[in-house]
Amino acid sequence: MIKKIAVLKGDGIGPEVTEQSVKILKAIAEQFNHQFFFTNALIGADAIDKTGSPLPSDTIDICLDSDAILFGAIGHPKYDNDPSAKVRPEQGLLGLRKALQLYANIRPITTYPALNFLSPLKSKNIEHVDFVIFRELTGGIYFGKKELSEDGQIASDDCLYTKSEIERVAHPAFKAAQQRRKKLTLVDKANVLETSRLWRKVVQEISTQYKDVTVDYLFVDNAAMQIILNPKQFDVILTENMFGDIISDEASVISGSLGLLPSASVGTSTALFEPIHGSYPQAAGKDIANPLGSILSAAMLLDHLELKEEAALVRAAVTWTINNKFVTKDINPINFYFTSTVGELVIDFIKTNFEDKINIENIELRKSTII
Ligand code: IPM
Ligand code: MN
């Protein structure tokens, strides 16, 4: 299979975690006789420094011309504390989502028994938690009209949704539920917001086409509590843009580290794959960030390209590193492995595809791992 992959490394730890995923995708290509062609493109603060724009038009062109996009992270502290900045790195990601119409953001929340101890939640509550958040990504308050009065005293952000925007993300969420445990929870604030009432109406209508899926509805404040109290109850969560942003970060504490979680953003053109963590500037360039969120995003990319066996192998490799405690500093602050070492270990597993060919003693010495 020949595929073109756009690589948008972005800011902070984006480059170093994305480099691991690129190495791994190259190893997969070699192992399974595929040809993947990678093209780098600029985005975020890095793109502002180099071109003045957080989303140069070249970047959009490269993405449109690719079969998939691997995305790192964006954001830089110099913009975070400057509300008056006219150009911001985040505009790069938001602009790309809009330009590519990436309307469905899919964030799976899984747990690894070996890491249950990391979660602030009790182990018995998080064992076997497995749900997926479908977050609408190109509408709502993120993209509504924004205003600031001339005297700087009044600001507003409109929240707007159309029926078709809700439908186009609801269908894939229902389809996912059909393939899973057949339950869909709509998270909204229908007791207060008109847009939420439209979401409920549209989802109720659509649900008649998916009779095998049980639908329930939760207000977002209650959902925030339920995710912590009893996360096992969820299968597919469907929600609008900002609620999805907030509850997906919240849900990441179930897995134990934000660094572990991948995501896929799909729409009408090229799909994009990115870890849900941000640019984590404090760790940038230190080779300590967790690359697994990016690597698992690469696995979702492979799934999207219908390379199921390849995706499963990457996931098996990730689980193997976790079970053997080959983990980064966020997971084990005392005895940790570097970002690049974890990437190499995943590749070793992919190349041997057989655990006992890997020389554990060499790994302990941080040396070459394959006999
Ligand atoms: C995310 C991020 C983005 C968002 C930011 C960087 C604009 O938090 O992908 O969840 O809010 O959507
Ligand atoms: Mn977020």
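The values are calculated or read from the model by the stated rules, or taken from the named source; none is laboratory data. Nothing here was measured: the structure is a model prediction, and the numbers come from that model. Positions of Cβ are generated from backbone atoms using ideal geometry, with glycine treated the same way; all protein chains shown enter the neighbour counts. Ligands, DNA and RNA are excluded from the accessible area calculation, which covers all protein heavy atoms including side chains. Shrake-Rupley method; radii C 1.70, N 1.55, O 1.52, S 1.80 Å.
FRET efficiency for the K286 to F32 pair, using the beta carbon distance and R₀ = 35 Å, is estimated at 0.60. Using the Cβ-Cβ distance between R200 and T352 with R0 set to 56 Å, the FRET efficiency works out to roughly 0.65. Modelled spin labels at D158 and T319, positioned 7 Å past Cα toward Cβ, are 4.8 nm from each other. Taking the centroid of alpha carbons for each part, segment 8-76 and segment 214-228 are 35 Å apart. Ranking F131, N332, G293 by how far each Cα lies toward the positive end of the dipole of the chain (charges on Cβ) leaves F131 at the top.
Counting charges near I141 (Lys, Arg +1; Asp, Glu -1) among other residues having Cβ under 15 Å from its Cβ returns a value of -4.
The angle separating the long axis of helix 220-229 from the principal Cα axis of greatest extent in the chain is about 30 degrees. Over all pairs of different C-alpha atoms in the chain, the reciprocal of the mean inverse distance, the Kirkwood hydrodynamic radius, equals 21.4 Å. Extension gain, E150-Q226: 0.36 nm per intervening residue step, less the Cα-Cα distance, totals 23.2 nm.
Modelled spin-label separation between K183 and D61, with each label point placed 7 Å from Cα along the Cα-to-Cβ direction: 5.0 nm. Among L261, T185, S53, whose Cα lies farthest out toward the positive end of the dipole of the chain, if unit charges sit on the beta carbon of Lys, Arg (+1) and Asp, Glu (-1)? Result: T185, furthest along the dipole toward the positive end. Helix content alone sets the calculated 222 nm mean residue ellipticity of the chain: runs of n ≥ 4 DSSP H residues at -39500 (n - 2.57) each, divided across all residues, give -13000 deg cm²/dmol. For segment 280-357 and segment 106-144, write down the distance between their C-alpha centroids in whole Å. What the calculation gives is 19 Å, centre to centre. Probing with 1.4 Å while keeping every protein chain in the model, the per residue accessible area of segment 120-255 equals 49 Å². Between 0 and 90 degrees, rounded to the nearest ten: what's the tilt of helix 194-207 against the longest Cα principal axis of the chain? Approximately 70 degrees, to the nearest ten. Applying 1/(1 + (r/R0)^6) with r as the Cβ-Cβ distance of S207 and D130 and R0 = 22 angstrom yields a FRET efficiency of 0.50.
Taking the longest Cα principal axis of the chain as reference, the axis of helix 163-179 is set at about 40 degrees.
By accessible area, using a 1.4 Å probe on protein heavy atoms only, segment 120-255 has 55% of its surface on carbon and sulfur. Around the amide H of F36, modelled in the peptide plane, lie the amide H atoms of K3, all under 5 Å away and 5 or more residues distant in sequence or on another chain. A simple spin-label model places the labels of M242 and N335 4.6 nm from each other, with each point 7 Å out along Cα-to-Cβ. Charged neighbours of I237, selected by a Cβ distance under 15 Å, balance to 0 (K, R count +1; D, E count -1).
Near S263: Cβ cut-off under 10 Å, other residues only, Lys/Arg at +1 and Asp/Glu at -1. The net charge is +1. In order along segment 107-121, the Karplus-derived 3J(HN,Hα) couplings, from 6.51 cos²θ - 1.76 cosθ + 1.60 at θ = phi - 60°, round to 10, x, 10, 10, 10, 10, x, 5, 10, 4, 4, 6, 6, x, 8 Hz, and Gly and Pro are given as x. Here the accessible area of segment 1-73 is 48 percent carbon and sulfur, with a 1.4 angstrom probe and all protein chains present.
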